[in-house]
1. Taking a cut-off of 25 Å between Cα atoms, list the lysines near Lys71, but don't count ones fewer than 8 places away on the same chain.
2. So, R0 is 22 Å and r is the distance between the beta-carbons of Val95 and Met122; what FRET efficiency does that work out to, to 0.05?
3. Glu133 versus Leu112, label points 7 Å from Cα toward the beta carbon: distance in nm?
4. Ala115: net charge of surrounding residues, Cβ under 14 Å, Lys/Arg +1, Asp/Glu -1, itself excluded?
5. I'd like the FRET efficiency for Ser105 and Met72, computed as 1/(1 + (r/R0)^6) with the beta carbon distance as r and R0 of 30 Å, rounded to 0.05.
6. Take Val137, Val113, Val130 and order them by how many other Cβ atoms sit within 10 Å, fewest up front.
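Since every read-out is calculated from the coordinates, none of them should be taken as a lab result. Since the model is a prediction, treat every value here as computed from it, not as a measurement. Methodologically, a virtual Cβ is constructed for each residue, glycine included, from the backbone with ideal geometry; neighbour enumeration extends over all protein chains shown.
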Amino acid sequence: MTSVSGIGTAVTPTVTGADGTVFSTGADRTSMGTDTFLKLLVAQLKYQDPSNPMDSSAFMAQTAQFTTVEKMQQFAELQQKVLESSLGQTAASLVGRTVTYTDVSGTARTGLVTAATLGSAMPNLTIDGVAVELGKVTGVTATAPAPT
């Protein structure tokens, strides 16, 4: 007999097969991956009622649903990478420009962007020696070229 324990409580959900095999689904449901899905599927097939086998269409539906969710996760990760790249390009393009930004006290300030720091989800700009998150920028103007 297959038993399920720990669902709806603070403990880690597990599935125990008739032979004592324990399949842990992990504390975080988002961490369930291909390995966990396949273990649960094998357990389901292993312990099915021989007189009433699993419907092949149900098996295909489960596989298709899992594949869809997996592809959606990959797409979301790709979109996040594209967004981070775009923010990095935007930050780099602001170097040498005058921007208006909101400081930590909520006051609007204006200054020259001298550097951009990339590598985090939200790039930082160095404006007149102060680190400012790109998201705090409210306006951009071209800086006049230095007289020669």
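1. Lys39, Lys81
2. In this case the efficiency is close to 0.85.
3. 2.7
4. Values: positive: Arg97; negative: Asp128, Glu133.
Around Ala115, the charge tally is -1.
5. Details: r = 41 Å, r/R0 = 1.37.
Efficiency at R0 = 30 Å is approximately 0.15.
6. On the way: Val137 19, Val113 24, Val130 13.
If I rank by nearby Cβ atoms, fewest first, I get Val130, Val137, Val113.
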